[in-house]
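Below is one structure; the comments refer to it alone.
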Ligand code: DCP
Ligand code: MG
């Protein structure tokens, strides 16, 4: 082979290597401290420095939405029955939630985030990922961006935000939680794996308590234990999610920050631990999913015209049904009503369901389709991670065994 030719080939190899080397991203995860309680303390100075319990009343079986840090030292936490919270912290001051006010402050916070970068992905009212790669490329250090953001939030809203910065979402999210309240943790590029190694596996978002139990039984307790497992272990344990989970454990995940401009749909799905055919149970699950979708739409300021139901039967047959509504919606009741309308037509006593999903799409008026056309379309709705990620915590049934067209494929 002529020398020139060999050089050309080598140049090509080097070039393809360079092209495929992913450039470093800088991701910031920001999460307000004791959000609802902090807003209450902000608006009512008498509550400052005191244990505040935001939630329903103990007499009506209310639960704690959140507790101020002064109350948390007594062992009070979100989702705890208010009755138990009061037992643990009798001096706690119970305050009813004022969602409108929280939304107002949330909008201010998201605007501050947006002043740092266009690339923001809100996860809830008080939490978002920000892709700050451009700011860093422009000469700012990640730490400076983070400090500046914290300062701006404090000055403009009076609230404290905890921030994590890293080269990927998994590590950034873990960081923001490490030093709460008013935390700031930055993990330098190259340090991700070592940083994660000693932490408990449950720190990885998407690995819920049931999975943690299962992993611990296997002797896998830390993220480092998990990262050290061979490839087959990941395949056996996580099925189709093996690659993604392994990347998270190694600190190499490349998940992008998804702005809502790109959001085509919001969906949630559940795989049951055993197949279900009781209409009441199915409706209850559908209601829970509709609630999750509605909450996410609300937090993201989105409304959609198309409601989709996804189902997988005991034999893995998978299908979606969808309906286009006269107007856009984000309300739980409307989503549930239409989702149930679609699902109830599919029920019969012989049919058992192993998976249910609910999605809403067609956010922009211009993308809304005439009903007849939309009814024939199967959008790639459920390609996106389910927002409540319940599937992660279940044995995996997601292997592609369906005879039906995959719901991820568009079939007109
Ligand atoms: N929330 C709720 N029910 C839950 C969890 C949270 O209603 N089970 C509400 C109240 C919280 C807000 O969402 O204030 C934000 O949730 P976070 O999980 O971020 O919790 P906090 O901001 O309250 O506390 P932290 O400082 O741990 O972030
Ligand atoms: Mg918070």
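Within 10 Å, count the other beta carbons around each residue, average over each peptide in 289-298, 54-63, and list them highest first. Don't jump to the answer; show the numbers that get you there.
Working: 289-298: 22.3, 54-63: 15.6.
Listed from highest to lowest mean packing, they are 289-298, 54-63.
Please give the Cα centre distance for the stretch 97-153 versus the stretch 206-284, rounded to the nearest Å.
Cα centroid of the stretch 97-153 versus Cα centroid of the stretch 206-284: 27 Å apart.
Using a 10 Å cut-off on Cβ atoms, rank the peptides 224-231, 250-257 from the highest mean neighbour count down.
Highest to lowest by the protection proxy: 250-257, 224-231.
Relative to the present Cα-Cα distance, how much length would full extension add between residue 217 and residue 314 at 0.36 nm per residue of separation? It would help to have the intermediate numbers written out before the result.
Working: separation 97, 0.36 × 97 = 34.92 nm, distance 2.81 nm.
Result for the pair: 32.1 nm of gain on full extension.
Order 266-275, 142-151, 342-351 from most to least packed using the mean count of other Cβ atoms within 10 Å. Provide the component values of the computation, followed by the final result.
Details: 266-275: 19.9, 142-151: 17.5, 342-351: 13.0.
For the peptides 266-275, 142-151, 342-351, the packing ranking is 266-275, 142-151, 342-351.
Values quoted throughout were computed directly from the atomic coordinates according to the rules given, and no laboratory measurement underlies them. Since this is a predicted model, take the numbers as computed values, not measurements. Positions of Cβ are backbone-derived with ideal geometry, glycine not excepted, and every protein chain shown enters the neighbour counts.
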